[in-house]
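Please treat every number below as a calculation from the coordinates, not as lab data. Everything numeric in this text was worked out from a predicted model, so none of it was measured. Cβ atoms come from the backbone with ideal geometry, glycine included; neighbour counts cover every protein chain shown.
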Amino acid sequence: MSQTNKKHILPIIVLAQFACTSLWFAGNAVINDIVKQFSLQPNALGHLVSAVQLGFISGTLLFAIFTISDRFSPSKVFFICAMAGAASNLFIFFADGLTTIIASRFITGLFLAGIYPVGMKIASDYHKEGLGKALGWLVGALVLGTASPHLVHAVTENLSWKIVMIVSSSLSVIGGFIILILVPDGPHGSRSKGIDMSAFAKIFHNKDFRSVAFGYFGHMWELYSLWAFIPAILTSYAAIHSEIKMSIPLFSFFIIASGGLGCVLGGYLSQYFKNSIIAFSALTISLICCLLSPFLLHLPFTFFLLLLFVWGISVTTDSPQFSTMVAHSAPKESKGTALTITNSLGFFITIISIETINYLRSFIDPNDIYLLLAIGPLLGLIALAGIAFGKIKVNS
């Protein structure tokens, strides 16, 4: 492959990642319509998000145990999962109640395990140097893809909710073909020789890897819960301030999508600062936002949106930095498995966080409930402190 062609690989991967990860919050974007059609309880929001997360966890565990992204062509794995994810996303059309809806979202999450971490594996196989910048764009695409169903819903608000599902599945099909046709396996990848049931223990035996992973886990406690409940925060604000007229889906899109800016910004900053310093700074800002959340619903509209946008940007800025540090601290032949394992455990933590907040919303004032998110960045900062101040050996 020529050097010129290599320069085009990252934009292609970014485009495909954006298209395929639109599957992630497709159900979340139209939850109110689904609740009405199937007469579900209001807490269905948390359950649907958790179903995708649980599916993703199950998929990443299978990928890690069988070292799939290290044994087979990552581009072909990505393509197969993009096709299967598109199909399972549309399975919701045949649902007759909450159980089958959750099944559809679970299976969709299962195949997302072959899209998000495998996309990072593909990018890392092309970028031996400058991986932080590359993953900044890639995770930014994930953020934008995750937010995109809210935009589609805002544009098609007067049409059937099924349009959102059809659009996201169509995008996934396009993204899968883009990777299959235009992105061959990268020059810096290596294949493992077979199934290694001890891969998990070997990777976590590395002290530096553990420090990076625990910082990432704190980040994940906050991230998806914030994304899941952005519409709820906006709805609560609109209920208190009846004079404010806003499109909940449209503002949900912009706030979540702003995190893509944080990812790209962090990627560029990684050319000048250590990945760990950028991640530490982003965690600090998002922790401050968590601590300010009790005042959120009573702020003037301009300051309310400003705080949400700062929160939306900072909560994702550290994502590609953590992925870069994971890739750098793992053995070369287990890089894909390491990324997959940390994703799996991180997303398991998101389920605990989402379901905890989902349950406690009935007992805790909406002003105070999101203080619980501060647990994640606080613990993440503790784990990351030694790394950020030079005690880690990996290139971070």
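Along its principal axes, the chain has C-alpha extents of 58, 47, 39 angstrom, given from the largest down.
The peptide list 46-52, 98-104, put in order of mean Cβ contacts within 10 Å with the highest first, becomes 46-52, 98-104.
Report note on the peptides 238-248, 346-356, 279-289, 264-274: ranked by the mean count of other C-beta atoms within 10 Å, highest first, their order is 279-289, 346-356, 264-274, 238-248. Less than 5 angstrom separates the built amide H of Lys274 from none of the residues sequence-distant by 5 or more or on a different chain.
Segment 353-369 and segment 30-58 have their alpha-carbon centroids 16 Å apart.
Seen against the Cα atoms of the chain and their longest principal axis, helix 301-317 is set at about 20 degrees. Remark: Leu45, Leu345, Leu138 ranked as Leu345, Leu45, Leu138, counting other beta-carbon atoms within 10 Å and listing the fewest first. Taking the Cα atoms only, what angle lies between the long axis of helix 375-388 and the longest principal axis of the chain, rounded to 10 degrees? Long axis of 375-388 versus the principal axis of the chain: about 30 degrees. Put simply, the C-alpha atoms of segment 286-376 give a gyration tensor, and the ellipsoid matching it has half-axes of 32, 17, 8 Å, longest first. A Cα-only calculation for segment 237-287 places Rg and Dmax at 15.8, 46 Å. Taking only the C-alpha atoms of segment 107-178, the Rg (one decimal) and the largest Cα-Cα distance, Dmax (whole number), read 14.5, 47 Å. Please grab the % of Cα pairs in segment 17-136 that end up more than 16 Å from each other. Value for segment 17-136 (Cα pairs over 16 Å): 61 percent.
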